[in-house]
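Heads up: the structure comes next, in structure tokens.
The values are calculated or read from the model by the stated rules, or taken from the named source; none is laboratory data. Computed from a predicted structure; not experimentally measured. Don't worry about glycine lacking a Cβ; one is built from the backbone with ideal geometry, like all the others, and counts go over all protein chains shown.
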Amino acid sequence: MTVHMDDDEIRDTFVLSGYALTPSHFRSLVGSLCFPNPPSGHRSPRRHYMDYVIAYDSWRRKLQPEIISKVPELICLYRDSSNKPIRYYFFTRFVPFKDEEQLNPTGIHDHLWHPTEKDEQRLRAFKRLIESRGGTFDIKKLEFGCIKRVMYMSMRKWKEIFNHNV
């Protein structure tokens, strides 16, 4: 259900489709982009998982404005609120949540659970960007799927995406 937070922002529930990484693969990706290798004979400092989340977000925000919109935002997936993330999720598309059947990978909405050509194009472009910035990204280690998520967005963005007269 769409909830108007104020004149400029709304909250709604969506089904997001995209790629997930395990924590170790996410650390490897962000480490290759944001943390220089230590000098020979030295160990990398031990970092908290949020250091990697913050580093990725900071790296993303420093890109040129025309590139930022093409670089996925990060969602941390938790088993429960007391644990570290079990997956890091980059969504490539989303649709409004209608019913629980959308979350069934073998049901009538199974297309939400499989990458489209456009998803794969976005992934390849993201990999090229990471590699052009000196990072490494093994896309064979990704899992594709979908999640249900409450998201906040501006009215301008909502209308742009859904062409609504809200």
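Whether a residue is modelled with pLDDT of 90 or more and outside any helix (DSSP H, G or I) was assessed, and Lys98 passes this test. Applying the criterion of being polar (S, T, N, Q) and assigned to a helix (DSSP H, G or I) to the residues of the stretch 101-124, the residue that is farthest from the chain's Cα centre (by Cα) is Gln102.
The listed residues are Ser28, Ser58, and the only one of them that is at pLDDT 85 or above, surrounded by 13 or more Cβ atoms within 10 Å (Cβ to Cβ), assigned to a helix (DSSP H, G or I) and not basic (Lys, Arg) turns out to be Ser28. Pick from the stretch 31-48 the residues that are of a type in the set (Ser, Thr, Tyr) and more than 18 Å from Phe137 (Cα to Cα): which of them is modelled with the highest pLDDT? Here the residue is Ser44.
For the stretch 116-127, which residues satisfy the criterion of being touching a helix residue (DSSP H, G or I) at 6+ places or on another chain (Cβ under 8 Å) and either in contact (Cβ under 8 Å) with a residue 40 or more places away in the chain or of a type in the set (Phe, Trp, Tyr) (or both)? Leu123, the sole residue that qualifies. Taken over the stretch 61-88, the criterion of being of a type in the set (D, E, K, R), out of contact with any strand residue (DSSP E or B) (no Cβ under 6 Å at 6 or more places or on another chain) and either in contact (Cβ under 8 Å) with a residue 12 or more places away in the chain or assigned to a loop (DSSP other than H, G, I, E, B) (or both) is satisfied by Lys62, Lys70, Glu73, Asp80, Lys84. Checked against the criterion of being aliphatic (A, V, I, L, M), farther than 21 Å from Val30 by Cα and either in contact with a Leu (Cβ under 7 Å, 6 or more places away or on another chain) or at pLDDT 90 or above (or both), the candidates Leu142, Leu123, Leu63, Leu112 yield just one match: Leu112.
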